[in-house]
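Read the structure below first, then the notes.
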Amino acid sequence: MYPSLYINSKVISGKNCVIENANMLSGFGKKCLIVTSGSAAEKSGALSDVTGALNTCGIEYCIFNKITANPLVSTVIEGGKIARDFGADFIFGIGGGSPLDASKAVAICACNPEYDINGLYNRKIPSKALPVVLLGTTSGTGSEVTGVSVLTNDNNMQKKSISGGDCYASLVFADSKYTYSMGYDVTVSTALDAFAHAVEGWFSPKCDEVATTYAKLALPKIYRGLKALASNEILTDEEIRDELYYGSLFAGLELNICGAAFPHTVGYVLTENFNIPHGKACTAFMPFFLGKAKRADFDRFLNLLSLLGENEVKVIKTIKELTDVNNLGATEMQIDEWCSRWDDNVKNFKNSPGGFTVEEAKKALNELM
């Protein structure tokens, strides 16, 4: 569980919020390490706005732009060393889920030079970390507001998350205009990720009144965007992009309380072995998940459909069309090997409607192969 007491990020939202609130950066220090990927931050205009804001405040900065999709622990350790060598007072993460997640881990590694790959996963929580400022450029992970960082372990190349009070940003700038430059495929995958967060959280046994409120805000916004994507309408519709972005933040806030369910855990093997983007890897299991949810809590299932404004058949059809994951061709032996990393007590399995077992994971994977 991601305790609500750790939801301590200050969020500043709205168009041009970075430039108009540049003075807020002065309180973090005189040197900043910008953590980002290759070109997305520049293409979206986010990098230019951030460097402009830092210059306005007289803050010296250095750019670490080696973050790739599914970032390696070794990369964030390298980023931590660069932050120390530069004398950074804080980290400014720009990008989608991978750069934002990596920024949190870089901030931890910067203050803990003794951490190796295993050390980051086995650290005392919360560890000492530099302050983190985040600016998202995609509408999917909600990483801006979550206390989670998903990394790829160099030792076995498996995705595994770290979480806790040291994984929250101190300040978040939320401006949906930076998502307007996303291409169709990235927009689809990130929107599906946000949908998975919201739906998995909706059926979590931890979904309290606060989480339910976030879900009710998130689900209609995200699903309207998904329907538009299915009709190829979104690329020129800024209003829909705005809805998707803020829907992803509400889903992230829901995730803080509820946590994820089995699609996130089982989906990792699709990303690791078939390079399927994370969002699609999660929603590949959405029909299986919704079937379990329908049997476990029919009334809540009907409430979900009411929020989406769609019947079950059309919802599943939309998700399947956008996910487009099937006939992957893995063998029974491969599936058994993947499933050997789990047991029935996996946190996200227990957090699924009606529970979830390794045998069910094998069945769900077989249905995609």
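The values are calculated or read from the model by the stated rules, or taken from the named source; none is laboratory data. Note that the structure is predicted; figures quoted are calculated from it, not measured. Note that each Cβ is placed from the backbone with ideal geometry, even for glycine, and that neighbours are counted across all protein chains shown. Note: accessible area is taken over every heavy atom of the protein model, side chains too, but ligands, DNA and RNA are not part of it. Shrake-Rupley method; radii C 1.70, N 1.55, O 1.52, S 1.80 Å.
Residue 356 exposes around 10 Å² of accessible area when a 1.4 Å probe is run over every protein chain in place. A protection proxy built from the mean count of other Cβ atoms within 10 Å ranks the segments 123-129, 109-115, most packed first, as 109-115, 123-129. At a probe radius of 1.4 angstrom, the accessible area of the chain per residue rounds to 40 square angstrom.
Hey, could you get me the Stokes-Einstein D for the chain, Kirkwood radius over alpha-carbon pairs, 4 °C and 1.567 mPa s, rounded to whole µm² s⁻¹?
Numbers: Rh = 20.5 Å.
My calculation gives 63 µm²/s for D.
Going by alpha carbons, how many degrees (0 to 90, nearest 10) lie between the helix axis of 46-56 and the longest principal axis of the chain? On a 0 to 90 degree scale, this one is about 30.
Estimated at the nearest 10 Å², the accessible area of residue 20 is 130 Å² with a 1.4 Å probe. Does segment 222-332 come out rounded, prolate or oblate, given a ≥ b ≥ c as the square roots of the eigenvalues of its C-alpha gyration tensor, rounded meaning a/c under 1.5 and, failing that, prolate meaning a/b above b/c? Cα axes put segment 222-332 in the rounded bin.
About its Cα centre, what dipole magnitude does the chain give when the only charges are +1 on Lys and Arg Cβ and -1 on Asp and Glu Cβ, stated in debye to the nearest 20? Each step should come with its number before you reach the end.
Working: 34 positive and 41 negative charges, 88 e Å.
My answer is approximately 420 debye.
Where both bridge residues fall in the chain, DSSP classifies roughly 20% of the beta bridges as antiparallel.
Over segment 45-184, what is the relative contact order in whole percent, taking alpha-carbon pairs under 8 Å and six or more residues apart? Write down the numbers at each step before the final one.
Values: 248 pairs, mean separation 35.3, N = 140.
The normalised contact order for segment 45-184 reaches 25 percent.
Determine the share of the chain's accessible area contributed by carbon and sulfur atoms, expressed in whole percent, with a 1.4 angstrom probe. Could you put the intermediate results ahead of the total?
Numbers: 7180 of 14640 Å².
Ligands and nucleic acids excluded, carbon and sulfur reach 49 percent.
Pairs exceeding 27 Å between alpha-carbon atoms, taken from 160/362; 10/350; 81/350: 10/350; 81/350.
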